[in-house]
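Notes for the one structure printed next.
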Number of protein chains: 2
Amino acid sequence: MINFNLYNPTNLCFGKDAHEQLATLIPSGSKVLMTYGGGSIKSNGTYNKVIAALSNFEVVEFGGIEPNPDFDTLSRALDIIKTQNITFLLAVGGGSVIDGTKFLASAALYDGDDAWDILDKGIRTEVGMPFGTVLTLPATGSEMNSGAVISRRAIGQKRGMGGPGLFPLFSICDPTVVESIPTRQLANGLVDAFTHVMEQYMTYPTPATLQDRISEGILSTLMEIAPSLLENPKDYDLAANFMWSCTMALNGLIQKGVPTDWSIHAVGHELTAAYNIDHARTLAIVLPSMYRYKFSQKQEKLAQYGRRVLGLSGTDFDVAHEAIDRTEAFFQSLGIATKLSEYSVDITGIEQRAADQLKNYGWTALGEHKDITPSDVEKILEMAL
Amino acid sequence: MINFNLYNPTNLCFGKDAHEQLATLIPSGSKVLMTYGGGSIKSNGTYNKVIAALSNFEVVEFGGIEPNPDFDTLSRALDIIKTQNITFLLAVGGGSVIDGTKFLASAALYDGDDAWDILDKGIRTEVGMPFGTVLTLPATGSEMNSGAVISRRAIGQKRGMGGPGLFPLFSICDPTVVESIPTRQLANGLVDAFTHVMEQYMTYPTPATLQDRISEGILSTLMEIAPSLLENPKDYDLAANFMWSCTMALNGLIQKGVPTDWSIHAVGHELTAAYNIDHARTLAIVLPSMYRYKFSQKQEKLAQYGRRVLGLSGTDFDVAHEAIDRTEAFFQSLGIATKLSEYSVDITGIEQRAADQLKNYGWTALGEHKDITPSDVEKILEMAL
């Protein structure tokens with residue numbers, strides 16, 4: 001087992017009406033900037049609940065944070081924080097609003113001239129402005145981790161940031177929000193969380209027995225609840241297991257002590273950038289081809305997954321192949337197309353674009369062995385046509 | 001799923017040579033009271049490693065904290081904290097040393113006249129003196145939770161305490177300490193951790209799908225590693241999975257959102273108090289009889305456990321019975337006797353003693369349904385003769 005430090009001080013407040021705790025969770029006397037995205041929090045009732053719970057605080061609002069939150073949008077919020085002496089941030093939304101708010105938490109206390117440097121120079125955030133979240137869209141785990149991804153469309157860049165100062169002080173996770181999420185986004189959330197686990201689990205075998213079991217538990221849960229959840233998102237228990245699985249998939253726990261892959265995400269990001277395909281759908285496209293392409297390296301773990309999560313039996317070779325097929329079929333059963341051809345895109349030039357992007361990130365190759373080159377990426381995507 | 005708050009700010013530093021982080025983990029300028037138990041930390045090398053890592057701190061030592069740490073012993077340490085202006089506590093040991101140090105962390109900042117009130121009146125510790133731990137004996141999970149149990153032999157009492165101020169700031173968990181633990185204590189640790197999971201899992205079925213899967217993952221891991229660990233405690237990966245499983249069994253995660261039982265512990269505490277049987281061994285005695293006695297209430301979950309963890313098949317009734325037998329056989333395979341008669345004790349009068357003790361705790365009955373009375377306790381122990 002690889003040495004690790006597990007540190008996660010976020011107070012996760014999970015359950016029906018958890019937002020009622022807001023009034024006591026936010027430090028008294030705070031001047032709050034409430035951040036959100038489009039109008040969905042107003043139509044699904046979350047906005048009113050939050051505003052009611054904040055009645056004892058002075059609250060300034062900043063809406064309009066877009067999916068893949070943009071530096072320029074966030075810079076306008078940063079001006080408000082500084083000019084209006086905001087002392088606490090409250091993100092009400094999904095991963096994009098939370099990620100954007102993490103950037104604000106860092107930038108608000110950053111003493112350099114240009115807050116973009118935090119992303120461009122990879123400056124770790126040791127201390128940020130305190131912030132909490134009210135989660136409205138389970139998927140990314142951002143409500144219980146210390147990382148964020150920020151885009152800057154004006155210069156065509158997307159960068160990650162993080163540090164111990166970016167854990168939310170608290171996160172309100174009320175599963176009843178799930179009932180108003182469109183089916184398409186629920187399916188995306190299921191695939192996103194599922195792939196988060198796979199990126200931390202489907203590597204070469206290691207002696208981290210317990211971590212494997214916990215990852216398999218999240219995968220089993222997602223597969224078990226998925227069909228029923230899409231049919232009946234108003235079922236509280238299904239919604240709760242979905243929301244909790246999404247958090248556990250990327251709150252840091254299952255990555256401790258093990259190697260991680262993340263090549264599927266890296267290639268998927270390319271597809272989103274080039275063809276504007278939903279993030280989760282790019283994962284569903286890339287995952288099967290990635291595992292088929294890297295089959296010999298992943299065969300043993302694929303067989304373990306096939307036996308423990310999918311209940312398959314047979315030789316390692318057969319179980320591993322079947323496991324990939326079953327996983328692809330699982331994505332398709334959620335209404336998600338897993339072939340690039342179904343998205344009407346043309347992958348001409350993808351090798352060069354992948355090479356450019358890797359260079360952009362400062363990487364030479366992808367995967368837990370760092371052996372997936374831009375040329376491999378092209379071959380993997382050809383398999384996904 | 002029951003509403004829950006998950007909050008655990010302990011920085012768990014896990015792995016070989018993790019103690020090298022000590023110098024940076026303890027706030028600079030701290031005056032440290034290093035607490036420990038008997039001499040094992042001196043014979044196994046931990047003492048020297050810790051002292052070397054603390055070279056930049058002023059350190060006062062307090063050894064001799066006994067198993068089931070005693071209020072009178074700890075009161076002497078409390079005097080030292082107050083007279084020598086200690087600002088940080090470092091517990092080096094197993095669950096007893098860590099629990100005792102949690103009491104000190106609370107009592108050091110308690111402004112009442114008598115620190116026993118913290119236990120006797122159940123005063124929750126919101127803020128304690130900061131402390132860290134160096135774990136030398138995996139079993140209790142105290143290194144990553146905020147609870148403690150303190151005895152006061154002079155008046156024949158044993159009390160629990162807790163609160164958010166009692167999470168360790170950090171815990172150093174180096175699996176290499178496992179190699180010097182006697183086999184008897186390793187077996188005890190395995191049973192202790194296993195039963196911790198069972199108390200939070202083996203209740204009536206609930207819709208907490210993911211929590212069940214995580215609990216099953218810890219149980220599977222402990223069963224998988226146990227025989228090899230006892231044969232070869234120097235195997236680092238076995239030791240690491242053991243240590244990590246013990247922490248995960250009682251760091252709060254798997255109890256979130258589910259009902260919990262804890263009747264096995266309550267009855268076991270009686271056996272320790274009356275006959276001085278090792279805590280873990282009392283659990284191995286009580287668990288099989290408890291589940292046989294409460295069979296109809298637990299049949300469905302026992303069957304789930306039997307199928308998922310033990311790989312059994314058949315009717316719920318048959319699988320559930322077989323699951324209890326296999327669990328008892330597992331304890332026996334570790335060299336732990338599961339019958340009271342093997343410990344040469346006489347249970348005459350146990351019903352009255354159990355009744356007295358329940359009253360002492362302020363409880364009327366035990367179990368997740370609060371339906372196990374002192375009369376039931378006597379019958380359960382008769383089944384374990």
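The values are calculated or read from the model by the stated rules, or taken from the named source; none is laboratory data. As the structure is a prediction and not an experimental result, all values here were calculated from the model. Using ideal geometry, Cβ is built from the backbone for each residue, glycine included, and neighbour counts are taken over all protein chains shown.
Numbers at a glance
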{"read-out": "Residue among A:S96, A:S75, A:S106 that is of a type in the set (S, T, Y), part of a helix (DSSP H, G or I), over 21 Å from the mean Cα position of the chain (by Cα) and more than 14 Å from chain B (Cβ to nearest Cβ)", "value": "A:S75"}
{"read-out": "Subset of the range B:236-246 that is touching a residue at least 12 places away in the same chain (Cβ under 8 Å) and within 9 Å of chain A (Cβ to nearest Cβ) - its residue that is farthest from B:G147 (Cα to Cα)", "value": "B:Y236"}
{"read-out": "Condition check for B:I347: over 25 Å from B:E143 (Cα atoms) and within 22 Å of the chain's Cα centre (by Cα)", "value": "no"}
{"read-out": "All positions within the range A:23-40 that are buried (at least 18 other Cβ atoms within 10 Å of the Cβ) and either assigned to a loop (DSSP other than H, G, I, E, B) or within 13 Å of chain B (Cβ to nearest Cβ) (or both)", "value": "A:L25, A:I26, A:S30, A:Y36, A:G37"}
{"read-out": "Exclusive hit being within 25 Å of B:L310 (Cβ to Cβ) and among the basic types (K, R), set B:K379, B:K339, B:K370, B:K359", "value": "B:K339"}
{"read-out": "Output for the range B:81-134, where each listed residue is touching a Lys or Arg at 6+ places or on another chain (Cβ under 8 Å) and acidic (D, E)", "value": "B:D120"}
{"read-out": "Scan of the range B:217-235 for residues that are touching a residue at least 40 places away in the same chain (Cβ under 8 Å) and more than 8 Å from chain A (Cβ to nearest Cβ), ordered by number", "value": "B:L219, B:M223, B:A226, B:P227, B:L229, B:L230, B:P233, B:K234"}
{"read-out": "Qualifying position, being without any contact (Cβ under 8 Å) to a residue 24 or more places away in the chain and under 20 Å from the mean Cα position of the chain (by Cα), among B:N251, B:N276", "value": "B:N276"}
{"read-out": "Of residues in the range B:1-13 being in a strand (DSSP E or B) and in contact with an Asp or Glu (Cβ under 8 Å, 6 or more places away or on another chain), the one nearest to the other protein chains (Cβ to nearest Cβ)", "value": "B:L12"}
{"read-out": "Of all residues making up the range A:97-122, the number that are surrounded by fewer than 24 Cβ atoms within 10 Å (Cβ to Cβ) and either touching a residue at least 40 places away in the same chain (Cβ under 8 Å) or over 17 Å from A:K158 (Cα atoms) (or both)", "value": "10"}
{"read-out": "Meets criteria (assigned to a helix (DSSP H, G or I), under 27 Å from A:G217 (Cβ atoms), out of contact with any strand residue (DSSP E or B) (no Cβ under 7 Å at 6 or more places or on another chain) and small (G, A, S)) for A:G314", "value": "no"}
{"read-out": "Conditions (1) within 18 Å of A:L135 (Cα to Cα); (2) at pLDDT 95 or above; number of the one not met by A:G38", "value": "(2)"}
{"read-out": "A:R281, sole failed condition from (1) part of a helix (DSSP H, G or I); (2) at pLDDT 85 or above; (3) more than 25 Å from A:A226 (Cα to Cα)", "value": "(3)"}
{"read-out": "Selection count, the range A:156-179, where residues are among the polar types (S, T, N, Q) and modelled with pLDDT under 95", "value": "1"}
{"read-out": "Extreme residue, nearest to B:P67 (Cα to Cα), among residues of the range B:269-287 that are in contact with a His (Cβ under 9 Å, 6 or more places away or on another chain) and surrounded by fewer than 24 Cβ atoms within 10 Å (Cβ to Cβ)", "value": "B:H279"}
{"read-out": "Criterion violated by B:L190 - all others in (1) at pLDDT 95 or above; (2) not assigned by TED's automatic domain parsing to the domain that holds B:L230 satisfied", "value": "(2)"}
{"read-out": "Matching option when the condition is without any contact (Cβ under 8 Å) to a residue 40 or more places away in the chain, part of a helix (DSSP H, G or I) and surrounded by fewer than 21 Cβ atoms within 10 Å (Cβ to Cβ), among A:D325, A:D346", "value": "A:D325"}
{"read-out": "Where a residue in the range B:45-72 is part of a loop (DSSP other than H, G, I, E, B) and its partner, wherever it lies, is surrounded by 13 or more Cβ atoms within 10 Å (Cβ to Cβ) and of a type in the set (D, E), with Cβ under 7 Å and at least six apart", "value": "B:P69/B:D99"}
{"read-out": "Filter result (away from every other protein chain (no Cβ under 12 Å) and more than 22 Å from A:T282 (Cα to Cα)) within the range A:187-216", "value": "A:Y204"}
{"read-out": "Failed item in (1) closer than 15 Å to B:N188 by Cα; (2) more than 9 Å from chain A (Cβ to nearest Cβ), with B:S263 passing the rest", "value": "(1)"}
{"read-out": "Count of residues meeting criterion [farther than 21 Å from A:L104 by Cα and not β-branched (V, I, T)] in the range A:13-36", "value": "10"}
{"read-out": "Residue selected from the range A:41-51 under the condition surrounded by 20 or more Cβ atoms within 10 Å (Cβ to Cβ) and of a type in the set (S, T, Y), by the criterion farthest from the other protein chains (Cβ to nearest Cβ)", "value": "A:Y47"}
{"read-out": "Criterion: over 28 Å from B:N3 (Cα atoms), among the hydroxyl-bearing types (S, T, Y) and assigned to a helix (DSSP H, G or I) - qualifying residue of B:S296, B:S289", "value": "B:S289"}
